[in-house]
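Undergrad: Let me give you the structure first, and then I'll get to my questions.
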Amino acid sequence: MKKMILAAIILVSVLRSYAQEQQMHSIQVSGIAKINREVEVYLIDFTIAVEYGEAESRKSFEDLKNNFFKKAKDAGLNESQFKEDRMSYQALQLFREGSLYTFTTSSRDELLKAARLANGNVVNITNTRVKFKPVVKNEKHFETAFLNSRDKAAIIAKTINKKLGPVLMVTDLTPQEATVEENFYFKPVEDQYLSLLVSFAIE
């Protein structure tokens, strides 16, 4: 048993030494390729809630809602683009009569028209999101990322007076899509990149 343990320790030591030696004779760099992110839809959550207080001039929720959808129609928006979500409204704990409506569109022009419906009083935007189409990584993306890594490695090798050798390892480091929706506060859609980690031998 002791001999087996000793053999295992020796094997691990040998493998570790080999890995260190390989690392000393290699360059590891990352390469990237830009991927276009296509927007499927934009979403805005609106709350319509009656004003606080007991003033006689205070409008009812029905009046506020009807006025909201009239303005939406005048702006060229369709009422069917708004989906009511009473449960989400209750979760906001505004403690007054009202409801939440999620507006959905694939048009930035309609998105901006809808945003103007908020008045900061009884109609407010509580959240904005964007839903992307699934990212498609194709052969061209991988080729571009690899060539990018090779160019970097070649510069490094030349700097240390070495010659770039064959590829030892390639790993795709592109993060997986965790969710189809992201917060979107009317800012430009951020670029996404395919990322490869590539190890080259150096001579």
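Undergrad: So for the pair ASN138, ASN121, with labels modelled 7 Å out along Cα→Cβ, what separation do we get in nm?
TA: Using points 7 Å along Cα→Cβ, the separation is 5.2 nm.
Undergrad: What does the charge count around ALA153 come to, taking other residues whose C-beta lies under 12 Å from its C-beta (Lys +1, Arg +1, Asp -1, Glu -1)?
TA: Values: positive: ARG150, LYS152, LYS158, LYS162, LYS163; negative: ASP151.
Cβ neighbours under 12 Å give a net charge of +4.
Undergrad: Another question, if that's okay. So, counting K/R as plus one and D/E as minus one, what does the shell of residues with Cβ under 10 Å around VAL123 add up to?
TA: +2
Undergrad: If you don't mind, another one. Whole number please: convex hull volume per residue of the Cα set in segment 47-168, in Å³?
TA: Values: hull volume 25.8 nm³, N = 122.
Spelled out: Cα convex hull of segment 47-168, divided by residues, is 211 Å³.
Undergrad: With a cut-off of 11 Å, note down the residues of segment 83-102 whose backbone N falls inside the zone around a label point 7 Å from the Cα of ARG58 toward its beta carbon.
TA: Under 11 Å, as judged by backbone N against the label point of ARG58, lie 96-97 of segment 83-102.
Undergrad: What length, rounded to one decimal in nm, is gained on full extension from MET87 through to ASP74, with 0.36 nm per residue of separation minus their alpha-carbon distance?
TA: 1.9 nm
Undergrad: Ok, one more. What number comes out for the charge environment of GLU51, summing +1 per Lys or Arg and -1 per Asp or Glu over other residues with Cβ under 9 Å away?
TA: +3
Undergrad: Past the 29 Å Cα-Cα mark, which pairs from LYS73/LYS131; LYS59/LYS83; LYS137/LYS158; LYS137/LYS163?
TA: LYS137/LYS158; LYS137/LYS163
FYI, it's all coordinate maths here, none of it is from the lab. Please read these numbers as outputs of a predicted model, since none were measured by experiment. Virtual Cβ from ideal backbone geometry, glycine too; neighbours counted across all protein chains shown.
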